[in-house]
Amino acid sequence: MKQPRCHWNYCIIAAVCALAACSSQQSQQEPPSPVVEIMDVAESDADWEPEFVGQTAGFLEVEIRARVGGILEKRTFEEGQFVKQGTQLFQIDPVPYRIALKRAQGELAQAEARLERTRREHLRIAALFTEDAVSEKERDDVEMAFKEAEADLQVARANLEDAQVNLGYTRVDSPIAGIVRKESCSVGTLVNTTDASLLTTMVQVDPLYVNFSVPGADFARLKHLIKNEILTRPEGRQQVTIVYPDGSLHPQPGTIVFTDSAEDPLTATVRSKVELANPDAALMPGQFVRVRPRELRLKKVVLIPRQAVFTTQQGSSVYVVDREMKARLRQVTEHMAIGTQVLIAAGLKAGERIITAGMMKVQPGARVRQAAAAGAQPPAAAAR
């Protein structure tokens, strides 16, 4: 029996409509949601170790000058050598000063003998005067001679002491323990006291100073954090760790002994100074090191990975994921970078969720999918 032709036409039309409907549904389907990494925002405490570039400087610099004149006979050090306090550095010809010392010793002996003679004469005349055997003028003359002899003895003693000191000055010793720099007078030079001839200079390296500067903006942030008890530090003077250029640490901690009260207008920085024990002279003046303040602690702060923050026309921003798994653009205020993280001052609160990786694939308001945790298996694989 033949099927009616209209029935076949109806079937064809129905099939075409079904195909069109399927095509329309497929075209209306949303594109697959991008897979991103998401983290929960939380307040936490964290240690903070900022670093600043510093340069070492001598604790004390001393000019070594000649205190007596004469020929510079010898030098007993190598330039750049570390010497202890009291180490001989130079020798000035001592012969003229030995002669002067002997002369002063002889003059002292003469003054002592003269005083003894006048003392006896004074006693003899005083006894005769009580018996009216000598005149008052004779007595006064003897008393005057005795006083002059006493004064001459004092002068002789002073001259002897001066001669001894000058002889001692011919040996030039190190007044401090430190590094001896380049000599200013070579052996054989005639040095004098008229211009106090400079022989060399010395630098004390134990303790040592480390000078460093903090950018003014960072210094203001530090004061704000401390004032609001977000950043805590030990009581008393701040201690620091000194880091060598190769990353190793100086064995002793340093102490900040000076911080400028005003920002340098030329460099826009605040200068500080560290005092550092350096008993083995491991550091020399002029070296660059890093200064790391110790025991700084941040309290109840929001820290997020640095890569979670990106820049838009509105400024620093992040993607916040809402309950519907949609990415919402949020502007935030950064306080400062701490290692691989950023301290957020405003714009986020504990309990919110942000995207930390995959932001390039995200559109504001679009749905996202959270990436599986490392080591997690898809449900089908887990079932097998």
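Bear in mind that the values in this text are calculations on the coordinates, not laboratory data. Keep in mind the model is a prediction, meaning the values are calculated, not measured. Positions of Cβ are backbone-derived with ideal geometry, glycine not excepted, and every protein chain shown enters the neighbour counts.
Compared with the alpha-carbon gap, the fully stretched path from Val257 to Gln313 is longer by 15.8 nm at 0.36 nm per residue. The long axis of helix 216-227 is offset from the longest Cα principal axis of the chain by roughly 80 degrees. Taking a point 7 Å from the Cα of Ala196 along the Cα-to-Cβ direction, the residues of the range 133-171 with backbone N closer than 19 Å to it are 165-171. Computed from the C-alpha gyration tensor, the three semi-axes of the ellipsoid equivalent to the range 94-169 are 36, 9, 7 Å, from longest to shortest.
For the residue pairs Lys273/Lys349; Lys84/Lys273; Lys223/Lys273; Lys84/Lys182, the C-alpha atoms sit more than 27 angstrom apart in Lys273/Lys349.
Given R₀ = 35 Å, what would the calculated FRET efficiency be for Leu249 paired with Ser33, taking r from the Cβ atoms and rounding to 0.05?
It comes to 0.10.
Volume per residue of the convex hull around the Cα atoms, evaluated for the range 46-189, comes out as 203 Å³.
For the chain, the longest principal axis of the Cα atoms and the long axis of helix 136-169 meet at an angle of about 40 degrees. What FRET efficiency do you get for Arg120 and Glu161 if R0 is 30 Å and r is their Cβ-Cβ distance, rounded to the nearest 0.05? With R0 = 30 Å, the Cβ-Cβ based efficiency is 0.65. May I ask you to work out the translational diffusion coefficient for the range 249-335 at 37 °C, viscosity 0.692 mPa s, via Stokes-Einstein with Rh from the Kirkwood sum over Cα pairs, reported in whole µm²/s? Reported coefficient: 182 µm²/s. Only Cα pairs under 8 Å and at least 6 apart count here; give the relative contact order of the range 55-137 as a rounded whole percent. Reported as a whole number, the value is 20 percent. The slack between Gln239 and Glu275, meaning 0.36 nm per residue of separation minus the straight C-alpha distance, is 12.0 nm.
Give me log10 I(q)/I(0) at q = 0.07, 0.09, 0.15 Å⁻¹ for the chain, Debye formula, one equal scatterer per alpha-carbon, no solvent. The calculated log intensity ratios at q = 0.07, 0.09, 0.15 Å⁻¹ are -0.68, -0.84, -1.26.
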